[in-house]
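Novice: The structure follows.
The values are calculated or read from the model by the stated rules, or taken from the named source; none is laboratory data. None of the values given here were measured: they were computed from a predicted structure. For neighbour counting, all protein chains shown are included, and Cβ atoms are generated from backbone atoms with ideal geometry for every residue, glycine included. Heavy atoms of the whole protein, side chains included, go into the accessibility calculation; ligands, DNA and RNA do not. Shrake-Rupley method; radii C 1.70, N 1.55, O 1.52, S 1.80 Å.
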Amino acid sequence: MDKAVLILSGGMDSTTLLYDLKDTYDFSILSFNYGQRHKKELDYAERTTKKLGLPHKIINLTAILPLLG
């Protein structure tokens, strides 16, 4: 099985892509916490990957917030 990295926001588009390709690739699934207002999408991403039994990593990028202004 081919390997791929899927960026999963937890929103509809990336979740649909995950379901569409989950049996085609050996995924590394990444999400990013950058201090977004809609943190609930990260919760959805976590729930979805647990439901599918897939490994999921959330990368914390909140340290960049002071740089954004």
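Novice: If you check every pair at least six apart or on different chains, which have Cβ atoms under 6 Å apart with a residue in the stretch 52-63 that is basic (Lys, Arg) first and a residue that is at pLDDT 95 or above second?
Specialist: Lys57/Leu30
Novice: Filter the stretch 10-44 for residues that are on the phi > 0 side of the Ramachandran plot and at pLDDT below 95 and give the result.
Specialist: Residue satisfying the conditions is Gly35 alone.
Novice: So, of the residues in the stretch 1-27 that are exposed (fewer than 14 other Cβ atoms within 10 Å of the Cβ) and of a type in the set (S, T, N, Q), which turns out to be nearest to Gly69 (Cα to Cα)?
Specialist: Thr16
Novice: Return the residues of the stretch 45-69 that are open to solvent by 90 Å² or more (accessible area, probe 1.4 Å) and modelled with pLDDT of 90 or more; say none if nothing qualifies.
Specialist: Arg47, Lys50, Lys51, Lys57, Asn60 - these are the residues of the stretch 45-69 that are open to solvent by 90 Å² or more (accessible area, probe 1.4 Å) and modelled with pLDDT of 90 or more.
Novice: Are any residues in the stretch 28-44 open to solvent by less than 60 Å² (accessible area, probe 1.4 Å) and not in a loop (DSSP other than H, G, I, E, B), and if so, which ones?
Specialist: Of everything in the stretch 28-44, those that are open to solvent by less than 60 Å² (accessible area, probe 1.4 Å) and not in a loop (DSSP other than H, G, I, E, B) turn out to be Ile29, Leu30, Ser31, Asn33, Leu42.
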